[in-house]
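The values are calculated or read from the model by the stated rules, or taken from the named source; none is laboratory data. Everything numeric in this text was worked out from a predicted model, so none of it was measured. Quick reminder, even Gly has a Cβ in these numbers, built from the backbone with ideal geometry, and neighbours come from all protein chains shown.
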Amino acid sequence: VPAAPPAPLGCDDPESEAAAEFAVNYINGHNHHGYKFALNRIEDIRVVHQGPNNDIIFLELDLLETKCPILSPTPLANCTVRSFAEHAVEGDCDVKLQKVDGIFSVVASNCHSHADSSEDIHKVCPDCPLLAKMNNTEVLETVSAALNDYNSKTTDSYLRLLEIGRAKIQYHPAHIVVTEFAVGATNCSAEEAKANVGACQLLPEDQSNFGFCRAVMVKRPSQDLQVDCQLYGHQVPAPDISLLSWPGVTYIHPGQDTS
Amino acid sequence: ALTKKAVAEAAQHDKVPRPVGFVPPPPPCPGKIRHFDI
């Protein structure tokens with residue numbers, strides 16, 4: 001009598017969690033923008049047996065954005081998930097895995113991320129500032145002023161903007177713009193950049209040095225600008241930065257698809 | 001001849017009586033929420 005098929009996997013079974021962990025590490029390792037995502041819930045899992053020790057696994061994952069930029073060397077386990085009131089960003093991913101002799105590999109993945117709705121945030125926290133829109137001029141002005149301010153004061157290398165991660169604007173009681181953006185070290189010192197900034201290019205991949213900045217610009221009741229940048233130092237293996245060496249400024253909209 | 005009524009009665013008899021306080025296992029999916037539900 002043929003052996004009965006194994007019972008379907010539950011979403012909280014250890015094997016499901018192992019598959020989900022592998023999938024989340026793959027997604028973070030192949031994403032080039034924004035922040036790392038952490039697993040919030042395994043929505044569904046389906047296993048199709050291909051043969052002895054050979055399964056295809058279909059996963060539906062619910063992820064949440066963490067505060068760690070995607071290029072940060074911080075292990076995911078140490079990355080804090082952004083709270084609901086900080087305007088959380090959710091990721092929905094469908095991942096197709098293969099498991100052969102206990103070894104996982106990703107066959108395909110498709111993710112969509114989106115910020116939580118403003119209405120839901122304001123239901124819970126009426127005064128919480130919300131994520132600014134993608135091309136908000138106040139955000140772009142704040143980032144530009146903050147990076148210029150940092151480069152004018154640093155004795156290290158001149159930093160170029162890679163992308164704006166997120167930004168929020170509060171209008172009451174004070175008018176404050178808070179923004180986070182990724183930067184890369186260039187082949188110029190800040191002093192050299194003053195003479196010829198056009199010659200300052202991102203360091204080549206084998207010397208790349210990325211970092212992250214956080215800026216707070218108070219516009220009212222009085223003007224103030226605080227900038228804090230942290231460089232990670234050269235990371236080996238550097239991620240596939242071909243997508244990161246674009247010349248322009250991009251502001252990653254929370255709603256984006258990656259496959 | 002097997003009538004529908006007979007099958008229904010048989011099915012009744014076959015139904016395994018649930019022990020008192022039986023709690024069905026939680027559905028296998030979706031799984032637990034680790035942080036918060038959006």
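Of note:
- Residue in the stretch A:82-89 that is of a type in the set (Ser, Thr, Tyr), under 13 Å from the mean Cα position of the chain (by Cα) and within 30 Å of A:Cys128 (Cα to Cα) present: no
- Breaking point among (1) farther than 18 Å from A:Leu64 by Cβ; (2) assigned to a helix (DSSP H, G or I), for A:Ile121: (1)
- Near pairs, Cβ below 7 angstrom, 6+ apart or cross-chain, from the stretch A:192-215 (surrounded by 13 or more Cβ atoms within 10 Å (Cβ to Cβ)) to any residue that is assigned to a helix (DSSP H, G or I) and polar (S, T, N, Q): A:Ala193/A:Asn151; A:Ala215/A:Thr142
- Meets criteria (more than 26 Å from A:His32 (Cβ to Cβ) and buried (at least 16 other Cβ atoms within 10 Å of the Cβ)) for A:Pro173: no
- Counting only residues that are within 18 Å of A:Gly233 (Cα to Cα) and in contact with a Pro (Cβ under 9 Å, 6 or more places away or on another chain), the stretch A:69-88 holds 2 of them.
- Extreme residue, farthest from the other protein chains (Cβ to nearest Cβ), among residues of the stretch A:27-45 that are in a strand (DSSP E or B), under 8 Å from the mean Cα position of the chain (by Cα) and not basic (Lys, Arg): A:Tyr35
- Some residue of the stretch A:46-60 being within 19 Å of the chain's Cα centre (by Cα) and closer than 27 Å to A:Gly10 by Cα: no
- Identity of the residue in the stretch A:66-90, touching a residue at least 60 places away in the same chain (Cβ under 8 Å) and either basic (Lys, Arg) or assigned to a strand (DSSP E or B) (or both), that ends up farthest from the other protein chains (Cβ to nearest Cβ): A:Pro69
Okay, residues lined up against (1) part of a strand (DSSP E or B); (2) modelled with pLDDT under 95; (3) within 16 Å of A:Asn148 (Cα to Cα):
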residue	(1), (2), (3)
A:His172	no, yes, no
A:Glu180	yes, no, yes
A:Val183	yes, no, yes
A:Thr186	yes, no, yes
A:Glu191	no, yes, yes
A:Lys194	no, yes, yes
A:Gly198	no, yes, yes
A:Asp206	no, yes, no
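- Checklist (1) over 24 Å from A:Gln230 (Cβ atoms); (2) within 11 Å of chain B (Cβ to nearest Cβ); (3) in a strand (DSSP E or B); (4) out of contact with any helix residue (DSSP H, G or I) (no Cβ under 9 Å at 6 or more places or on another chain) applied to A:Asp55, failing item: (2)
- Matching residues, the stretch A:113-135, being among the hydrophobic types (A, V, I, L, M, F, W, C) and surrounded by fewer than 12 Cβ atoms within 10 Å (Cβ to Cβ): A:Val124
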